[in-house]
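A.B. asks: Got a structure here, written out as structure tokens. Questions coming.
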Amino acid sequence: MNIQKIRALSFDLDDTLWPIGPTLIKAEAALVTWFSAHTPKALPIYQDRAVVSALRSDLMLRFKDRLHDLSAIRRELIREVLERAGEPTVGVDHAFEVFFQARQSVQMYPDVLPALNTLRQRFQLVALSNGNADVEQVGLGAYFSHAISAQEVGFSKPDPRIFQHTLQRLNLAPHEVLHIGDDVHTDIHGARGVEMPCVWVNREGHAWSGSGESPQSVKDLGELVRLLEKKDKSD
């Protein structure tokens, strides 16, 4: 990895900049509250994990061409629950908006903002995510020149097309963009598929489980900053 040639950094969001688990718990709780207040007959159906799991699996089969659009899948899941309960479906958009707004309430890892503040002084920063977080709403809009999502592009990581779209948007070559993410399959193998350099954010210290050589890894973004500064001096 030649840092001298890198001009931009692309960042995964969920579980790279914040833990997604607590965020989704809050969003699910907000949706449960909505069902309870507006469509109470749907509440026991939505709270039945087996039923919701089966509905979600069925949706994944029926909407194979829309799996990149998590917002669309969530809307359809809400619609299915309401229909099964015999409740009117006119509230689908309202229910989804309740979930979506709660989903934007994230608690960033403590290393994130200091690192982004440092890195944006030298590199162009880009958000590149399969999820439906809105960088403006989570409070990171000022850090990223572009926010590229699977929903927007029509392809999810590790599909090479979403990485190629990012490169085209930036008008940069693969070796000029460093991708940073936590997921072995979607982030590391995805970036490698288009010959982009990458760094694995391995906060839990997991052993490398992917194919090929273990990538450069960091435990947090503070270590990423130090890595880039160190390599810059050594290149």
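The values are calculated or read from the model by the stated rules, or taken from the named source; none is laboratory data. Source: prediction; values computed, not measured. Every residue, glycine as well, gets a Cβ built from its backbone with ideal geometry; the counts of neighbours run over all protein chains shown.
A.B. asks: Tell me, please, whether a residue that is on the phi > 0 side of the Ramachandran plot, modelled with pLDDT of 95 or more and not basic (K, R) can be found in region 13-21.
C.D. replies: Checked region 13-21: at least one residue is on the phi > 0 side of the Ramachandran plot, modelled with pLDDT of 95 or more and not basic (K, R).
A.B. asks: Restricting to helices (runs of 4 or more DSSP H) lying wholly in region 144-235: which have 1 or more residues that are in contact with a strand residue (DSSP E or B) (Cβ under 7 Å, 6 or more places away or on another chain) and under 26 Å from N117 (Cβ atoms)?
C.D. replies: By residue number, 160-170, 190-193, 221-234.
A.B. asks: So for region 8-15 (the condition being out of contact with any Asp or Glu (no Cβ under 6 Å at 6 or more places or on another chain) and surrounded by fewer than 14 Cβ atoms within 10 Å (Cβ to Cβ)), does at least one residue qualify?
C.D. replies: no
A.B. asks: So, I73, is that one farther than 30 Å from L172 by Cα, touching a residue at least 12 places away in the same chain (Cβ under 8 Å) and aliphatic (A, V, I, L, M) or not? Steps first, please.
C.D. replies: On the way: farther than 30 Å from L172 by Cα: yes; touching a residue at least 12 places away in the same chain (Cβ under 8 Å): yes; aliphatic (A, V, I, L, M): yes.
It is true that I73 is farther than 30 Å from L172 by Cα, touching a residue at least 12 places away in the same chain (Cβ under 8 Å) and aliphatic (A, V, I, L, M).
A.B. asks: So, one more: Output the number of the condition that F35 fails; it satisfies all remaining conditions of (1) touching a helix residue (DSSP H, G or I) at 6+ places or on another chain (Cβ under 6 Å); (2) buried (at least 19 other Cβ atoms within 10 Å of the Cβ); (3) at pLDDT 95 or above; (4) within 27 Å of T186 (Cβ to Cβ).
C.D. replies: (4)
A.B. asks: So, A27, is that one surrounded by 15 or more Cβ atoms within 10 Å (Cβ to Cβ), over 21 Å from N132 (Cβ atoms) and either modelled with pLDDT of 95 or more or assigned by TED's automatic domain parsing to the domain that holds P158 (or both) or not? Lay out the reasoning, then the answer.
C.D. replies: Details: surrounded by 15 or more Cβ atoms within 10 Å (Cβ to Cβ): yes; over 21 Å from N132 (Cβ atoms): no; either modelled with pLDDT of 95 or more or assigned by TED's automatic domain parsing to the domain that holds P158 (or both): yes.
Spelling it out, it is not the case that A27 is surrounded by 15 or more Cβ atoms within 10 Å (Cβ to Cβ), over 21 Å from N132 (Cβ atoms) and either modelled with pLDDT of 95 or more or assigned by TED's automatic domain parsing to the domain that holds P158 (or both).
A.B. asks: Checking the conditions here, which among F35, F63 is touching a residue at least 12 places away in the same chain (Cβ under 8 Å), within 24 Å of the chain's Cα centre (by Cα) and assigned by TED's automatic domain parsing to the domain that holds D93?
C.D. replies: Checking each option against the conditions leaves just F63.
A.B. asks: Hey, can you tell me all the residues within region 1-51 that are part of a loop (DSSP other than H, G, I, E, B) and more than 20 Å from I148 (Cβ to Cβ)?
C.D. replies: M1, N2, P19, T39, Q47, D48
A.B. asks: With respect to E76, determine if the residue is crowded, with 16+ Cβ neighbours inside 10 Å and either assigned by TED's automatic domain parsing to the domain that holds G131 or under 24 Å from the mean Cα position of the chain (by Cα) (or both).
C.D. replies: It is true that E76 is crowded, with 16+ Cβ neighbours inside 10 Å and either assigned by TED's automatic domain parsing to the domain that holds G131 or under 24 Å from the mean Cα position of the chain (by Cα) (or both).
A.B. asks: Which one of T23, T33, T16 is among the polar types (S, T, N, Q) and over 30 Å from V199 (Cβ atoms)?
C.D. replies: Just one listed residue meets the conditions, T33.
Let's see how each residue does on (1) touching a residue at least 40 places away in the same chain (Cβ under 8 Å); (2) over 16 Å from the mean Cα position of the chain (by Cα); (3) surrounded by fewer than 16 Cβ atoms within 10 Å (Cβ to Cβ):
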| residue | (1), (2), (3) |
| --- | --- |
| A150 | yes, no, no |
| Q164 | no, yes, no |
| E176 | yes, yes, no |
| V184 | no, no, no |
| D187 | yes, no, no |
| V201 | yes, no, no |
| E213 | no, yes, yes |
| K219 | no, yes, yes |
| L227 | no, yes, no |
